[in-house]
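Report on the following structure.
The values are calculated or read from the model by the stated rules, or taken from the named source; none is laboratory data. Please read these numbers as outputs of a predicted model, since none were measured by experiment. When we count neighbours, we look across all protein chains shown, and the Cβ atoms used for this are built from the backbone with ideal geometry, even at glycine. The accessibility values were calculated without ligands, DNA or RNA, using every heavy atom of the protein model including side chains. Shrake-Rupley method; radii C 1.70, N 1.55, O 1.52, S 1.80 Å.
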Amino acid sequence: MNDTRLAAMGPWVGRSVKRREDQRLLTGRGQFVADIVLPKMLHAVLVRSPFAHARIRSVDISRARAAPGVVDALNGADLLQLLPPVPEGQIALPPKWTTVIQHKFLNPQEPLLAHDKARHVGEALAIIIAETLDQGEDAAELVTLDLDELPAVVDPEAALRPGGPLIHDRFDTNMIGDFSVGRGDAAGAMAAAPHRLKRRFYHHRYAAVPMETRGVLADYDRRTDSVTIWSSTQVVHWVRREAAALLGIPEARVRCLAPDVGGGFGGKGHVYPEDMLIAFFARRLRRPVRWIEGRSEHLQSATHSRDQLHDVEVGFDDNGRILALTDSYIVDCGAWNPIGSGVAYNTAVHLTGPYKVENYRASGRIAVTNKVPNAPYRGAGRPEACFAMERTIDLIAQVLGLEPAEVRRRNLIPAAEMPYGVGMPYRDGEPIVYDSGDYPTALEKVLGAIGGIAGFRQRQQAARAHGRHLGLGIGFYIEGTGVGPFESAFVRVDPTGKIYISGGAAPQGQGMETIFAQVAADLWKVAPDDVVVSLADTSAIAIGFGTMASRSTVTLSAALFHASERLRDKVFAISANILECAPADLELRPDGVGIVGVPDKTLTLSRIARAAMPGWTNDRPPGVDAGLEETFYWQPPTVTWSYAVHAVVVEVDAETGRVRLDDYAIAHDCGNVVNPMLVEGQIHGGAVQGLGGILCEAITYDASGQLLSGSFMDYAMPVASEMPDFKIVHMHSPSPLNPLGVKGVGEGGAVAPPAAVANAVCDAFAGLGLEINSTPLRPEEIARLARGLRP
């Protein structure tokens, strides 16, 4: 083997390999749903409700049907004559969870087109299929709506009061979820605590808002009675399953693939009505049909997130140690609840974070309102929990006159107690055990990255003497990652010697093609360029789960490991037969398989793959089937636990309320790191989204349920010029729960910024009693509060 070949070998895991995806994306060769044009393709336009709550008397599409270029048009009543109603049901909850958690859930399913009531502004009432998009939009203007407007419910607390308007009349309630979880004796410990503090925290509504909006294209093959769906989705196998059920055909006759996807962040992590409608019309009309969502349409129909109200009480001693914690909170899930209880329960089990809180009780209620449905967005219930907990920590420090960082030190779980049993089940039903980590060291490292507490307090005092307001804020969180129930991997040694892999994950810009090429390269001692990666395509692997919940690197890498392990046994059996030795005498080498200690006895992977071909060959030993491929479905025992602490220094202009981010450091631990550069990219991107959530992004409604932030004129996005340079401190606590020791990283960066920035702004006015317990931070509100604090 030459020196060049040796230099190209691994290990590859742990290297900052450049993203292979970027070559096509940066040269204009990426392909998104909107880039795909098929012959005779039709275009879909949705007619959406202008009212938040209205009884549907009629949706007259007769004039639209007669408009130039219109091929088909249906309203909700028409569709009910052609398709059965969408069946209702809760996303399956593990029996281990349901038997130990007191709960009650209702889960109304959103219809493909509303037919009885419109339940939020933007709900689809009719669909137009036309030869061109312009013709479809013109025809949509001709649809006549006869809607009996009803009182809207936009306040979740009002929604839960008896006697108010009902969103889903048949339930006779607007509370569609209720559960309680905890450990220890929260009530008894609270009663005995020397100090008690109550506060209400609100984490407002905002959304994923990816660069690429949603899009679906479907094509029907009449010869095979099969449908191909291209969707900007995170869950291709779920889309296939639902489409097959809707169309009444086997899943084998539905192929779903996600081409390049311009961001998802959870907002594309479930099946939408449009996914099903477009597949239905492609088969109905025997022509390709495409729908591309507009930006304003996206803001009023793609799911929103957050929107939680927390009533927290904490009991603590004179040293700031938490003795008891209770939280009663409401999740405003909008008109529908596409993901069931996941977000609400996430909040409960993440609220105590990295702290040792032995007596805890949380109760959550899920309320329906006349808003866009609520579903996971990067963090999925964790930013809300982190905000409530981290603000509580700072308030304890304020009451006792202690440094907030010191209160955290006194409550953090020591590294010596890892793995740490929390005493509650995760949403997979398994007991929560923090598998590895060193929380106190993470806190010290992040504070060191911003110059230390003492140094900052000196700068703060000097600035205050000149009328400037500097503040330091901390946000600490933990995150369950790599959740099951499974993920799939397929591995094949190609006759060329290349390694072909596929899996159930669906990338949206994370760099998965690069990451899994690195993982497979190490498993087979080849270069990443020798690995062919196929993801987000149901034709490439029969069963898959999808990408969400910071799970793909954990679950797919483990599935690849086990599939490769099984396949390697077969490779060694064939090689041993050819080389006339025992399989135990063999080893993987950078250029194939060889006999240990005999450098010149090597078979290339290409040679072994040819030997495995079916036909007249004596190279395969008796009992070894032809072919070199293996599929493995990995079922994780439970989640791994990532964590991070964010520290931010801000300067607040008391006159204008403007918050400037002067310094920002993050100490993060996601176990063994596959690609440090891509991990930092994930952390940076998540942190920017979290900062957007606290500083500028907000979904707002008026009292009648009208969306007031329906375009980028009113929904402010974070911009690069206002973001800090992030200092990243990597910590490495490998997880014992998977072969690579990895933990998830996709969501974490977005969790802590709202809490850290709110704490920093309050700290900027330390001693003056400023409290910010709701998001977002509005400059005018900060300025008003600051004026009220002046002597």
Subject >> segment 221-236, residues that are in contact (Cβ under 8 Å) with a residue 24 or more places away in the chain and surrounded by fewer than 22 Cβ atoms within 10 Å (Cβ to Cβ) >> reply: Arg222, Thr224, Asp225, Ser226, Thr228
Subject >> Exclusive hit being among the charged types (D, E, K, R), open to solvent by 20 Å² or more (accessible area, probe 1.4 Å) and outside any loop (DSSP other than H, G, I, E, B), set Arg287, Arg283 >> reply: Arg283
Original post:
In segment 80-132, what count of residues is obtained for those that are open to solvent by less than 80 Å² (accessible area, probe 1.4 Å) and more than 30 Å from Ser704 (Cα to Cα)?
Top reply: 12
**OP:** Within segment 742-791, work out how many residues are of a type in the set (Ser, Thr, Tyr) and more than 32 Å from the chain's Cα centre (by Cα).
**Re:** 0
Subject >> In segment 327-366, the residues that are more than 16 Å from Glu390 (Cα to Cα), open to solvent by less than 10 Å² (accessible area, probe 1.4 Å) and in a helix (DSSP H, G or I) >> reply: Ala344, Tyr345, Asn346
**OP:** Please report, ordered by residue number, the strands (runs of 3 or more DSSP E) entirely within segment 32-109 with at least 3 residues that are modelled with pLDDT of 95 or more, within 21 Å of Val271 (Cα to Cα) and out of contact with any His (no Cβ under 8 Å at 6 or more places or on another chain).
**Re:** 42-48
Original post:
So Thr640 fits all but one of (1) closer than 30 Å to Ala454 by Cα; (2) crowded, with 20+ Cβ neighbours inside 10 Å; (3) not aromatic (Phe, Trp, Tyr); what number is the exception?
Top reply: (1)
Original post:
When you look at Gly749, is it touching a helix residue (DSSP H, G or I) at 6+ places or on another chain (Cβ under 9 Å) and crowded, with 19+ Cβ neighbours inside 10 Å, yes or no?
Top reply: yes
Subject >> Residue identified as under 25 Å from Ile396 (Cβ atoms) and assigned to a loop (DSSP other than H, G, I, E, B) among Ala755, Ala786, Ala766 >> reply: Ala766
Original post:
Which one is most open to solvent (accessible area, probe 1.4 Å) among residues in segment 254-275 that are part of a loop (DSSP other than H, G, I, E, B) and charged (D, E, K, R)?
Top reply: Asp260
Original post:
Quick one: which of Phe265, Phe316 is touching a Phe, Trp or Tyr at 6+ places or on another chain (Cβ under 9 Å) and among the hydrophobic types (A, V, I, L, M, F, W, C)?
Top reply: Phe265
Subject >> Lone qualifier among Leu785, Leu777 - being without any contact (Cβ under 8 Å) to a residue 40 or more places away in the chain and open to solvent by less than 50 Å² (accessible area, probe 1.4 Å) >> reply: Leu785
**OP:** Filter segment 429-477 down to residues that are part of a helix (DSSP H, G or I) and under 18 Å from Tyr643 (Cβ atoms), then give me how many there are.
**Re:** 11
**OP:** Restrict the check to segment 312-325 and report whether at least one residue is part of a strand (DSSP E or B), within 25 Å of Pro414 (Cβ to Cβ), touching a His at 6+ places or on another chain (Cβ under 8 Å) and of a type in the set (Asp, Glu).
**Re:** no
Subject >> Meets criteria (open to solvent by 30 Å² or more (accessible area, probe 1.4 Å) and within 28 Å of Asp438 (Cβ to Cβ)) for Arg468 >> reply: no
Subject >> Selected residue (criterion: most open to solvent (accessible area, probe 1.4 Å)) from residues of segment 581-596 that are out of contact with any strand residue (DSSP E or B) (no Cβ under 8 Å at 6 or more places or on another chain) and in contact (Cβ under 8 Å) with a residue 12 or more places away in the chain >> reply: Pro583
Subject >> Single residue of segment 513-535 satisfying the filter (open to solvent by less than 10 Å² (accessible area, probe 1.4 Å) and part of a helix (DSSP H, G or I)) that is farthest from Arg24 (Cα to Cα) >> reply: Trp524
Original post:
Can you find a residue in segment 716-729 that is of a type outside the set (Gly, Ala, Ser), closer than 22 Å to Ala654 by Cα and outside any loop (DSSP other than H, G, I, E, B)?
Top reply: yes
Subject >> Candidates Tyr272, Tyr329, filtered to the one that is on the phi < 0 side of the Ramachandran plot, touching a Lys or Arg at 6+ places or on another chain (Cβ under 7 Å) and at pLDDT 95 or above >> reply: Tyr272
**OP:** Residue by residue through segment 9-49, note down the ones that are open to solvent by 60 Å² or more (accessible area, probe 1.4 Å), of a type outside the set (A, V, I, L, M, F, W, C) and touching a residue at least 24 places away in the same chain (Cβ under 8 Å).
**Re:** Pro11, Arg15, Ser16, Lys18, Arg20, Gln31, Asp35, Pro39, Lys40
Original post:
Restricting segment 180-215 to residues that are surrounded by 15 or more Cβ atoms within 10 Å (Cβ to Cβ) and hydroxyl-bearing (Ser, Thr, Tyr), which is farthest from His310 (Cα to Cα)?
Top reply: Thr213
**OP:** Would you point out the residue of segment 478-492, among those that are in a strand (DSSP E or B) and open to solvent by 10 Å² or more (accessible area, probe 1.4 Å), that is farthest from Ala750 (Cα to Cα)?
**Re:** Arg492
**OP:** Determine whether segment 689-697 contains at least one residue that is surrounded by fewer than 20 Cβ atoms within 10 Å (Cβ to Cβ), in a loop (DSSP other than H, G, I, E, B) and of a type outside the set (Phe, Trp, Tyr).
**Re:** yes
